[in-house]
1. Straight-line reach from Lys361: which lysines fall under 16 Å, measuring Cα to Cα and dropping same-chain residues less than 8 apart?
2. Tell me which chymotrypsin sites (Phe, Trp or Tyr not before Pro) from the stretch 318-354 have a DSSP coil assignment and no more than 15 other beta carbons within 10 Å of their own.
3. Under a 5 Å amide H to amide H cut-off, with H placed in plane at 1.01 Å, what residues pair with Gly310 once short-range neighbours are removed?
4. Can you list the lysines whose alpha carbon is less than 23 Å from that of Lys123, not counting same-chain residues fewer than 8 positions off?
5. Which of rounded, prolate, oblate describes the stretch 1-129, given a ≥ b ≥ c as roots of the alpha-carbon gyration tensor eigenvalues and a/c under 1.5 marking rounded, otherwise prolate only if a/b is larger than b/c?
6. Given a Förster radius of 51 Å and the C-beta distance between Thr32 and Lys314 as r, what FRET efficiency does 1/(1 + (r/R0)^6) yield to the nearest 0.05?
7. Based on the Cα coordinates of the chain, what is the per residue volume of their convex hull in Å³?
8. What is the spin-label model distance, in nm, from Ala366 to Lys102 if the labels are put 7 Å beyond Cα along the C-beta direction?
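FYI, it's all coordinate maths here, none of it is from the lab. The structure displayed is predicted, hence computed values, not measured ones. Cβ placement follows ideal geometry from the backbone for every residue including glycine, while neighbour counts extend to all protein chains displayed.
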Amino acid sequence: MKRVLYFIQLPPPIHGAAMTNELVFNSTCINTDIEKRLIRIKYSQNLSAINKFSLKKVLKYTQFFFKFSYELVFYRPNLVYYSIPPTGKGLYKDLPFVLVLKLLKVKPLYHLHGKGISQNVSKSKFIKNIHRWVYSNAVIVHLSLSLLELEIKKLNLRNSDLHVVNNGIIPIEKDFTKINHSELDLNDDILFLSNLRISKGILFALEILNKLLESNKKVKLNIVGDFRDVSTRNKVMDYIKLNNIENNVIFYGALYGNKKFEVLAKTSFLLYPSFNDAYPLVLLESLQLGIPIVASNQGAIPEIVNDEVGYVFKTGDLSAAINLCEQMLNKTIAEKQHMSRECKYYFETNFTNTIFEKNMKQVINAALNEYIN
């Protein structure tokens, strides 16, 4: 039987990469006829601790390294499914794991969940050579064609198989259509759903709200997510107080499962003005509930959001973002209902877990068959 070692992050903490890894690891479709083992990469209990140094993390890193080496030597997997950080400090931290893979000639499947390679490799030839060394002789799965073209193909890799597999999510079981219909079609509620960081556009979203209020006093911004640091919280609260928009901002904190979907289903549209993103799963969650999207053109977002289901603006373009939000709010009931139906259909035909698992299974099976034979 073909052997696969999963070297991955799993929830908690909850973030896009961990959720996708969990979907792959637990998939009956993908893992049929595969003997699998798991090394769960976990350095932090929550998102706020991810980038913070501690001696406990150093100890865990050492334990992961020896366990990883042991499994490669004695388990001898045919393939290692590895959710490697694509670049930056995370990648450099993982170089010893990559070295062991290459020394023992075990083929990795790198499933990339982020971006930034093209920006980093432009800094020096040495950095570019590190990335070329890491990603050569590997199976690489990226989130979208544009990211693959921008981030990977320019590295001129040796003996690597390149694939694109769009993310998918498990459709929700509860029916929220009774919430999102008729009397709610005229609401002016906008949703911001993300970790509350400057890079995710929380202050930018408040600037948009402040401008929208000049012509529409009923607009409200519903904010779902946790602050990652005190500094961001203070900046957000200061902006709200300074501009006297307290009555138009509603904080829910972090919500999960049906509680999150209940808030999402009651909103007019999702505002996602991120300054740094690759393939946010919240967009797929929005689509499945029939909620249109206004988002920045980060990463693969332009490949997810088309004109039938929302609008995309250039990252940081406040004027364009305001204009598109106004267009969304000013739609007629018939236009809103049509766009809602398009969102649901688009999700069902492109972004379900069934479609994702089928595509990922093809990639993994092809890799196993090639490297076993």
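1. Within the straight-line cut-off, Lys361 pairs with Lys2, Lys36.
2. On the way: sites: Tyr345, Tyr346, Phe347, Phe351; in loops: Phe351.
Taking the stretch 318-354 and a limit of 15 other Cβ atoms within 10 Å, no loop chymotrypsin sites (Phe, Trp or Tyr not before Pro) are found.
3. Correct list: Ile293.
4. Reachable lysines: Lys89, Lys93, Lys115, Lys153, Lys154.
5. Working: a/c = 1.43, a/b = 1.25, b/c = 1.15.
Rounded shape, in that the Cα axes give a/c under 1.5.
6. Numbers: r = 44 Å, r/R0 = 0.86.
So, using R0 = 51 Å, E works out to roughly 0.70.
7. Numbers: hull volume 50.8 nm³, N = 373.
Spread over its residues, the Cα hull of the chain gives 136 Å³ apiece.
8. The modelled label-to-label distance comes out at 2.5 nm.
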